[in-house]
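Take a look at the structure below.
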Amino acid sequence: MLNRWDDAEAARWAELGDLGEITYGSRVVGADPALVLHGGGNTSIKGHSTDAWGEPVPTLWVKGSGWDLATIEPPGFAPLRLEPVRRLAELAELSDTEMVNQLRIQLLDASAPNPSVEAILHALLPHRSVLHSHADAVLALTNTADGDGRVRELWGDRAVVVPYVMPGFDLARRCADEWQAQAHDGTEAMVLLNHGIFTFGETTRQAYDSMIDRISEAEQCLAEAGVTSFGETGDDSLLQELWGSADAGALTADQVETVAELRAEMSAAAGVPMLLRAVHDERAAAFCARNDLVSVAQRGPATPDHIIRTKQFPMVGRDVDAFIEGYRAYFERNCGRHADGASQSDHRSDEEGSSQTSLTMLDPAPRVVLDPELGLWTAGRRAADCDIAADIYLHTIDVISAAEALGGYVALSEADLFDVEYWELEQAKLARAGAPAGLAGQVALVTGAASGIGQAAAAALAAAGAAIVGIDIDIGITHDDDGDSDRPSALHGSAWLGIEADVTDAGAVTEAVASAIERFGGIDIVVAAAGIFGPSAPLEELVDDSGLGTAWQQTFDINVSGAANTLAAVHRVVRHSPAGGRVVIVGSKNVPAPGKGAAAYSASKAALTQLARVAALEWAPDGITVNVVHPDGVFDTGLWSDELIAQRAASYGLTSEQYRRRNLLGRELASPDVGALIAQMCGPAFAHTTGAQIPQDGGSDRVI
């Protein structure tokens with residue numbers, strides 16, 4: 001394993017003292033996904049802080065719950081009074097809730113995050129710096145039939161080996177016992193079976209070097225057993241067979257609708273709209289092609305804390321009903337083991353009449369799908385949830401494949417997995433993400449998304465929680481990025497997919513829809529905002545010797561044919577929306593009140609409005625609403641230039657400034673105003689409205 005330590009960078013962080021030292025070491029650990037993923041692992045350092053009386057206090061700085069090692073900052077560590085935390089291990093028992101309470105009592109900063117649930121364990125280890133990871137190579141050794149023996153064979157007495165115990169107080173107590181029984185001056189690590197590894201040292205550099213050395217030894221052990229490097233297959237033929245290309249996904253027309261239907265079924269199981277993402281990876285393709293896929297995939301996660309992201313096992317194939325039935329049975333088999341063990345639908349009372357609190361079953365929808373034809377897909381309310389599940393399962397594939405090469409992958413028992421999945425402290429991790437926005441789990445496809453009303457609509461929908469597929473002939477950055485562009489901040493990251501396509505090209509629009517399905521699993525909302533103003537001239541000037549000019553035709557091609565291409569391409573997908581399909585067409589005030597010298601624009605928008613009315617009639621049986629917004633005087637869009645505004649103003653005998661505010665309310669509209677209305681038209685307020693035409697023009701006596 002690559003040692004990523006940089007002495008110069010470490011020295012800069014060390015200027016902040018103990019906390020700077022452990023912050024840098026944590027970031028280096030978090031930088032390697034083969035060590036930790038998405039909030040996994042924890043770290044600590046011991047030192048002294050000063051209290052309000054200026055007296056030194058022995059202090060444990062431990063990673064705060066909810067922080068990610070890869071990006072952690074000094075405020076992400078919880079400062080604890082070291083000795084009282086150590087003494088907690090002397091208690092005979094301590095509930096999870098009370099453990100969290102006692103740890104918070106020992107905080108030296110009331111604003112600090114909750115300490116890691118393994119804080120007591122960190123306090124008990126005698127070393128100044130402690131690092132804990134869920135290294136793939138270690139899990140590949142421990143998650144086998146003789147994991148204990150393999151670990152002892154590799155490291156001998158250099159490692160303290162601890163059998164699996166659920167994280168928290170009991171694990172700290174067990175580790176303390178095993179440390180006392182096994183540790184000596186030459187101890188280099190502590191391995192927790194089916195969980196991970198701890199390394200330590202008097203400096204964070206020593207602890208990190210020990211981590212890299214131990215993982216390198218584990219990787220060498222695997223290599224000697226014939227296991228190749230993690231994350232590599234060296235064969236893209238299966239990827240090509242699945243997707244038709246080793247470089248990019250290409251769903252067929254039938255697969256596009258199949259995925260949309262699958263997403264709808266999974267969303268119904270979850271009780272809320274879900275996103276569904278294809279994972280285009282050689283490892284995933286090879287894993288889905290295994291003859292023993294059903295067996296190896298349904299043995300459980302590589303480490304138990306992954307269960308809150310992936311469920312206890314993936315769905316193999318597409319039988320959602322069978323998966324739900326299996327999950328319910330799993331819940332019923334295990335819920336009685338808890339003190340509050342009544343199931344959600346079984347609220348029991350004892351003989352004296354006092355009732356028990358029911359254990360509520362989580363939604364039974366799968367979060368990972370393995371299908372021999374479609375490959376690996378992950379599900380979640382947010383695009384980031386899909387990405388996290390994908391990262392975790394790709395590493396799970398690595399661990400399973402390596403363990404199988406050693407004789408067989410063995411995960412934890414069903415009971416142990418259930419305990420973690422329904423552990424209140426694990427569920428609290430998800431709760432800290434906050435309630436999702438109103439359109440979470442939904443996908444909006446917006447044409448003309450690079451500027452003007454299209455961009456404003458996309459931003460408003462994204463702010464409401466939707467994932468966005470933005471289509472434009474010049475979209476700019478097309479993929480996830482760091483926000484370094486002139487697009488609104490909402491149109492960045494994993495919930496944004498920009499596609500450069502010409503809406504007048506029906507084939508390009510169809511391909512864009514397939515890409516949207518691959519990235520998000522479906523489409524719920526369509527906003528047709530691509531458009532141009534076209535020529536501004538009297539009717540007689542629109543005709544030349546060959547008839548109507550190319551500018552007239554281009555206006556109709558983009559404003560009408562482009563929208564028709566979009567609607568034709570999306571219908572087979574939108575009709576499967578778990579939230580009910582919604583379409584908003586961006587028309588114009590020129591439909592009810594055309595303007596002089598704007599024949600091409602006015603006529604094309606009128607045709608577009610008729611197209612929307614027909615769609616409303618045809619698509620109502622599918623539960624799809626189709627409505628039109630007619631804006632006017634939105635001068636911050638690409639349709640307008642200062643020159644065109646001056647021309648249009650002159651045709652009415654107005655100045656440019658007067659023309660901008662020529663409505664009854666005397667108010668100038670901007671793209672965000674229209675975007676906000678479009679977002680509302682895609683929300684519950686318009687769930688019972690279709691075929692409507694909504695003016696947004698500041699009031700026009702000609703329209704009224």
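Worth a mention:
- Taking the average, over residues, of other Cβ atoms within 10 Å as the packing measure, peptides 258-271, 87-100 rank 258-271, 87-100 from highest down.
- Surface share of carbon and sulfur [accessible, 1.4 angstrom probe, percent] for the range 618-704: 52 percent
- Mean shadow area of the chain over all directions, Cα convex hull, nm²: 38.8 nm²
- When each of the peptides 10-21, 408-419 is scored by how many other beta carbons lie within 10 Å of its residues on average, the order from highest to lowest is 408-419, 10-21.
- Spherically averaged projected area in nm², based on the convex hull that wraps the Cα atoms of the range 1-71: 5.4 nm²
- Pairwise Lys count, the chain - Cα closer than 22 Å, eight or more residues apart or different chains: 5
- Inter-label distance, nm, simple model (7 Å from Cα along the C-beta direction), residue 268/residue 9: 4.9 nm
- Taken over the range 611-674, the convex hull of the Cα atoms encloses 128 Å³ per residue.
- Here the chain carries DSSP beta bridges of which approximately 50% are antiparallel, counting only pairs with both residues inside.
- Backbone phi angles across the range 676-687, fed through the Karplus curve with coefficients 6.51, -1.76 and 1.60 (θ = phi - 60°), yield HN-Hα couplings of 5, 5, 4, 4, 5, 5, 9, x, x, 5, 10, 4 Hz in residue order; Gly and Pro are listed as x.
- Residue-by-residue Karplus 3J(HN,Hα) for the range 176-192, coefficients 6.51, -1.76, 1.60, Hz, glycine and proline x: 4, 5, 5, 5, 5, 7, 10, 6, 7, 4, x, 5, 10, 7, 10, 9, 9
- The angle between the Cα long axis of helix 96-105 and the longest principal axis of the Cα atoms of the chain comes to about 90 degrees, rounded to the nearest 10.
- Sorted from greatest to least, the principal axis extents spanned by the alpha carbons of the range 484-596 come out as 49, 35, 28 Å.
- Where the chain is the region considered: accessible area per residue in Å², 1.4 Å probe: 41 Å²
The values are calculated or read from the model by the stated rules, or taken from the named source; none is laboratory data. Note that this is a predicted model, so its numbers are computed, not measured. Neighbour counts are summed over all protein chains in view; Cβ atoms, including those assigned to glycine, are modelled from backbone coordinates with ideal geometry. Heads up: the accessible areas ignore ligands, DNA and RNA and are worked out on the full protein's heavy atoms, side chains in. Shrake-Rupley method; radii C 1.70, N 1.55, O 1.52, S 1.80 Å.
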